[in-house]
Amino acid sequence: MTQPPDQLLAELREFELDEVVGYLLARAKSSISNLVSQRTMKELGITSTQGSILFMIGSGRCQLAAELARHYGIDASAVTRLVDRLEKRKLLRRVRSSEDRRAVLLELTAEGYEMAAHIPGMFCDVVDRALSGFTPEEVGFLKSMLRRILANTCESVDETPR
């Protein structure tokens with residue numbers, strides 16, 4: 001293994017990663033996702049991403065694979081693999097659009113809707129745990145600031161209060 005020069009090594013070690021907002025956001029997101037995945041795997045046998053996809057389809061927020069790809073910021077092939085797994089488990093099906101025969105809509109099965117109905121509660125329980133000790137005002141301020149970050153990075157945000 002190549003050893004870096006002492007000056008570079010010192011710079012790397014002295015960099016205060018815990019003071020970088022992006023790092024903290026990514027760690028918080030990862031931590032929450034892991035906790036949700038533990039719960040969804042234990043109770044439903046699916047990952048948090050699979051559960052989130054079921055919710056997005058079931059709630060009507062996304063009906064096409066391309067919409068899921070845009071929403072999650074992942075490539076179409078990754079969405080196809082996720083949809084394939086959910087379809088194999090008979091939680092959703094692909095249905096050709098009657099309005100545009102080129103479009104393939106994603107539709108939940110009865111079991112898919114049943115699972116999707118559990119997702120908001122699971123996400124809320126985990127987030128409530130993560131926000132333990134925060135005042136309602138602090139939670140509101142945090143949501144406001146996160147919405148501003150999303151607006152600054154050209155993301156649209158549903159303004160529905162929660």
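Relative contact order (percent) for the chain, with alpha-carbon contacts under 8 angstrom and 6 or more residues of separation?
About 19 percent, as a whole number.
Hey, how much of the P(r) for the range 73-162 falls beyond 21 Å, as a percent of Cα pairs?
On the way: 2295 of 4005 pairs.
Tail of the P(r) past 21 Å holds 57 percent of the pairs.
Sum -39500 (n - 2.57) across every DSSP H segment of at least 4 residues in the chain, then divide by the residue count to get the 222 nm mean residue ellipticity, nearest 500.
-20500 deg cm²/dmol
Mean Kyte-Doolittle of at least 0.0 plus a Cα span of 30 Å or more along the axis: flag which DSSP H helices in the chain meet both, please.
For the chain, where a helix must reach 30 Å along its axis and average at least 0.0, the hits are 21-44, 110-130.
Jot down the radius of gyration and Dmax of the range 12-162, Cα atoms only, both in angstrom.
Cα radius of gyration and Dmax of the range 12-162 are 17.5, 60 Å respectively.
A short reminder: the numbers here are calculations on the coordinates, not readings from a lab. Everything quoted here is computed from the prediction, not taken from an experiment.
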